[in-house]
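Below: one structure, written as structure tokens.
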Amino acid sequence: MVLEQFYLGCLAHASYLIADQESGEAAVVDPQRDVDQYIDAAHALGCRIGHVFLTHFHADFVAGHLELRDIEGATIHLGAGAQAEFAFTPLADGESVQVGPIRLEVLETPGHSPESISILVFDPMHDEHLPYAVLTGDTLFIGDVGRPDLRASLGWSAEELGSMLYDSLNTKLLPLPDETLVYPAHGAGSLCGKHLSTDTVSTIGVQRRYNYALQPMSRERFIEIVTADQPDTPAYFTYDAVLNTRERPTLDETLLRGLHALTLDDATLLMADGALLVDTRDRAEFAGAHVRGAVNIGLAGSYATWCGTVLDPAQAVVLVADPGRAIEAATRLGRIGFDSVAGYLAGGMQPLDDAPELVERVERITAGSLAEQLAGPEPPAVVDVRTESEWESGHIDGASNVPMSRLQGSFGALPAGPLVVHCAGDYRASIAASLLRREGFEDVTVLVGGIAAWEAAAPEPEHAVAT
């Protein structure tokens, strides 16, 4: 048996290829939308992907089940509680699919979502009766469990799903043998949980001992713990969860339709017609010069997550990217189902050499200079766009906390300026500054290096970090 994990760091997403070389059969579990890597790996083993499983309708990315169906002819398998527009094979508790001699048996484990399943992997070369591994989707993570509050907008309360999750963990997963390997669908950095480990594989025994959510407790206490202190839910999560139930164009189809090189005149006309210019370059380059009205979401950070948080999936997007990176930018948007790319600016910023009237910049300030300004007679307002938990761990005295995920709904509460925005480093602050400038805030500055630089500079006590 081959069981290979594919880990996509920018989305903290794990997917799996299970293959049997002797029979030439393979299956993929929870694939990302760009599926070439699974096909290449299977074909290199002399296998064809005949099955694709979704452990649930993922909220943070669009899965590649339709792509594998169309390219490889794979049968789509979902939990028995799932409903979808496309044809699929529903699987209930105890039902299984054979991949050669390998048996993939379903456990219905609702809680993170109502249709969630886990998949037991039985390898006869290991043991015919004891599972070698369990693919837990977003039901059980390493160090955490799936959050039960993501389906509120679709009619499921966090308390209802939390109660289901309690049963799934205690009656389906915890009874498994301690040596059973645990392979989840997400790792540290995912917003599908709050305390995910950087480890990407564990065992039931280790999780039984160290996972806070698996310790003996009442149903009421469990629900209280797993529903508390969850991070803000990005707006696109419900959009993606619904999109994963639908028949839709494949990623290749959307890239073919949208990846066109545009002249500056073409891009300007699209922007006049409502398109948004998304500048994917490094934040320092963006600050130095960018097209007026552009929003900076750099490829070097959590690009897809922040695109999904601040962009409207229905709004046309024109990309600005470094040479050769437009395909990457569009593909990473496609991974979250944002298929409205109308093209990219040919030559990046070079065409702006002949149109200086369209160029603007964002001021950047060092921690030392900011400390001097805050001590002066007319200090700027400092806006901290980190999360509330980051803020509570320490912040610049006198700053206001407006988490990045809530900024666009808080414009009216901000002073006109001058404003200095910051985050932990300056990735989110650059996004925030570009949104503020687009909204009409003229005097906006980014703190270079964010709170880390501020703490390292050790400013005067009256402007030090408050806790």
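The values are calculated or read from the model by the stated rules, or taken from the named source; none is laboratory data. On a predicted model such as this, the values are computed, not experimentally measured, just so you know. Note: accessible area is taken over every heavy atom of the protein model, side chains too, but ligands, DNA and RNA are not part of it. Shrake-Rupley method; radii C 1.70, N 1.55, O 1.52, S 1.80 Å.
Details
- Antiparallel %, DSSP beta bridges [both residues in the stretch 278-409], to 5: 20 percent
- When all alpha carbon pairs of the stretch 1-61 are counted in 5 Å bins from zero, the resulting P(r) reads 4, 19, 33, 22, 13, 7, 2, 0 %.
- Three-way shape label, the stretch 178-217, alpha-carbon gyration tensor, a/c 1.5: oblate
- Calculated Cα extents along the principal axes in Å (choose from [x] 132, 59, 36; [y] 75, 52, 37; [z] 101, 62, 52), label: [y]
- By accessible area, using a 1.4 Å probe on protein heavy atoms only, the stretch 262-372 has 52% of its surface on carbon and sulfur.
- In this structure ILE71 has an accessible area near 90 Å², from a 1.4 Å probe over the protein heavy atoms.
- Probe 1.4 Å, protein heavy atoms only - accessible area per residue of the chain in square angstrom: 40 Å²
- Projected area averaged over orientations for the stretch 85-197, convex hull of C-alpha atoms, nm²: 8.0 nm²
- Relative contact order of the chain, defined on C-alpha pairs under 8 angstrom at six or more residues apart (%): 11 percent
- If both residues of a DSSP beta bridge must be in the chain, then about 45% of such bridges are antiparallel.
- Rg followed by Dmax, in Å, when the stretch 201-287 is reduced to its Cα trace: 22.8, 64
- Rounded to 5, the percent of DSSP beta bridges in the stretch 349-467 classed as antiparallel: 15 percent
- Pairwise Cα distances in the stretch 326-439 exceed 25 Å in 38 percent of cases.
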